[in-house]
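Working notes, structure below.
Just so you know, all these numbers are worked out from the coordinates, no wet-lab data involved. On a predicted model such as this, the values are computed, not experimentally measured, just so you know. Cβ placement follows ideal geometry from the backbone for every residue including glycine, while neighbour counts extend to all protein chains displayed.
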Amino acid sequence: MTDDVWWERDAREQERADGRTVPGPGPSGVSPELVDATREAVRAAVRGRIAGYTPDWTDPDRQDAGVALVRLFGTLAEPVLGRVNRLPEKVLAEHLTTAGVRRRPAGAAAALLEFTVNPPDGSSVLVPAGFQSAASTPAGQVVYETDQDLYATPATLGALAVQEAGRLETLPLGPSGPSRPFAPFGRDPEPGNGLWIGLAGPAGPYPRLSLGFVVVAAPPAPADSGGMTPLPLPPAPLLRWDVLDGTRLVPAEVMRDSTAGLSAGGTVELRVPRSWQPGSPPGTRPRPLLRWLRLRIAHGAFPGPAPVLSGLRLNVVTATAARTIRDEPLQPVQDGTASGRRRMKLSQVPILANSVVIEVDDDAGGDVFGTTAGTASRWREVESLAGYGADDRVFTVDHDTGEVTFGDGVNGAAVPPGFRNVRAVRYRVGGGSAGAVRAGAVSGVVTALPFVTGVANPFPASGGTDAEPDADAMRRGVGELRARGRAVAPADYGQLAVRAPGASVAR
């Protein structure tokens with residue numbers, strides 16, 4: 001047995017005694033090279049056959065009409081041979097497509113956006129999900145869209161203090177938040193330690209307050225030394241948020257926490273009371289009254305290094321470098337494959353993975369007079385229809401072309417007949433490395449909103465990947481078909497690691 005591909009072996013078997021290789025198959029990396037596809041090579045090959053086919057043509061020169069035909073033939077054959085040489089690549093690509101291997105779509109960058117508002121009464125301003133802002137890059141304008149609703153307050157960060165062993169230590173603040181990285185639970189975190197955040201402003205935020213955190217990455221924990229079952233991770237400490245309402249502490253409900261207990265950067269959204277009175281932390285000297293939040297360790301301890309914060313901002317929400325398209329009927333696509341699968345198309349590309357939400361009107365819809373409303377069911381996006389049955393309402397998406405493929409009634413449910421009965425409730429388009437912008441690059445407002453005076457990304461955006469090149473997808477596809485979801489050889493582990501969503505794999 002040998003690891004050589006068949007066209008490399010054939011090329012070596014055709015070597016002449018003088019060491020030269022007969023024109024024919026040769027190594028090309030992805031597909032065999034059938035013949036040199038240049039016009040000069042074609043003309044030289046024809047001239048080399050003159051003596052064998054026309055022995056009476058003994059003196060060809062540039063004035064000869066036959067030479068003109070040879071030159072014309074070489075010119076016309078060049079593009080034809082170029083396309084013939086791509087046939088093995090096309091066969092491989094079609095084989096991988098049939099097997100369900102597609103190139104990976106572009107990934108969208110994510111950023112934390114900070115909003116500045118100036119309402120006349122000092123109350124919070126609702127910034128709805130889908131608010132669009134823009135950043136100018138060398139590749140053009142990149143649109144960022146907020147992922148959740150945000151209640152932005154005109155209040156500012158007035159003070160920060162760390163409570164450790166019953167004592168408060170005030171932290172220095174700069175114009176944009178903490179002036180240096182700090183440990184929010186002290187040098188030796190234990191239950192009772194915490195972080196105090198003071199807000200300055202004429203009115204308190206209501207009904208929600210959103211905080212953005214940037215966490216300094218800690219060194220990873222040591223890997224397990226072996227065994228069939230991985231060791232369970234130690235439990236993280238229980239953290240509690242409280243609001244100092246005048247002189248009493250009131251629990252604050254956590255509505256959303258993308259930081260997972262300050263283990264990673266992200267946002268924390270709290271529900272705060274309407275009557276939030278200013279005050280001072282217990283045991284401190286009288287100071288300008290602020291509205292205080294407290295984050296403390298209620299129980300447990302950190303299994304590894306305690307978190308260190310390098311940034312803390314108000315009015316922060318996560319945003320994605322993408323645009324959302326809503327309520328779009330899908331357009332049918334003529335299918336010449338006779339596969340029985342219905343194909344339709346979305347108008348905007350490139351589409352982000354797992355962002356398409358499709359509703360299909362049921363076959364037994366409302367009556368023609370409109371007295372009975374029709375019902376619709378939601379279908380689910382999957383990578384391949386191969387593993388699904390006739391009752392599974394699933395579909396696949398070609399993220400580059402926008403083509404949506406439904407089942408044939410055997411692998412995946414068939415779409416009931418109808419006109420404009422399939423619509424995309426929403427899907428997102430965008431992605432690419434251009435979205436990974438520097439801090440402060442997002443400054444333009446695309447969606448106008450009263451009392452919103454500014455938006456910016458105080459920290460660099462993260463993520464953002466271009467679509468996988470065709471050559472890389474073909475090499476990966478061959479490896480995936482060989483591994484078939486199993487990891488035996490070291491190369492199989494590499495294939496599975498690359499497929500892990502969100503993993504930054506060194507190559």
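Quick one: LEU352, LEU449, fewest Cβ neighbours within 10 Å first, how do they rank? Mind showing how you got there, number by number?
Numbers: LEU352 22, LEU449 16.
In order of increasing Cβ crowding within 10 Å: LEU449, LEU352.
Using the Cα atoms of the range 321-362 to build a convex hull, what is its mean projected area in square nanometres? Please report the intermediate quantities before stating the final value.
On the way: hull surface 16.6 nm².
Across all orientations, the range 321-362 yields a mean hull projection of 4.1 nm².
Within 10 Å of each residue's Cβ, count the other Cβ atoms and sort PHE115, PHE419, PHE302, PHE406 from fewest upward.
Starting with the residue having the fewest Cβ neighbours, the order is PHE419, PHE302, PHE406, PHE115.
For LYS345, LYS90, what ranking results if the residue with the fewest other Cβ atoms within 10 Å of its Cβ goes first?
Numbers: LYS345 14, LYS90 11.
Ascending number of Cβ neighbours within 10 Å: LYS90, LYS345.
Beyond 41 Å, what percent of the Cα pairs of the chain remain?
Numbers: 58335 of 128271 pairs.
For the chain, the share of Cα pairs beyond 41 Å comes to 45 percent.
When the helices in the chain are scored as -39500 (n - 2.57) per DSSP H run of 4 or longer and the sum is shared across all residues, what 222 nm value do you end up with, to the nearest 500 deg cm²/dmol?
Details: 7 runs with 78 residues, N = 507.
My calculation for the chain gives -4500 deg cm²/dmol from helical runs alone.
Under Stokes-Einstein, with the Kirkwood radius over Cα pairs standing in for Rh, what whole-number D in µm²/s applies to the range 48-114 at 4 °C and 1.567 mPa s?
So the translational diffusion coefficient is about 75 µm²/s.
With only Lys, Arg, Asp and Glu charged, each at its Cβ (+1 for the first two, -1 for the last two), find how big the charge dipole of the chain is about the Cα centre; round to the nearest 20 debye.
In debye, rounded to 20, the chain gives about 1500.
Over the chain, calculate the relative contact order: mean separation of alpha carbon pairs under 8 Å at least 6 apart, over the residue count, as a percent.
Contact order relative to length: 18 percent.
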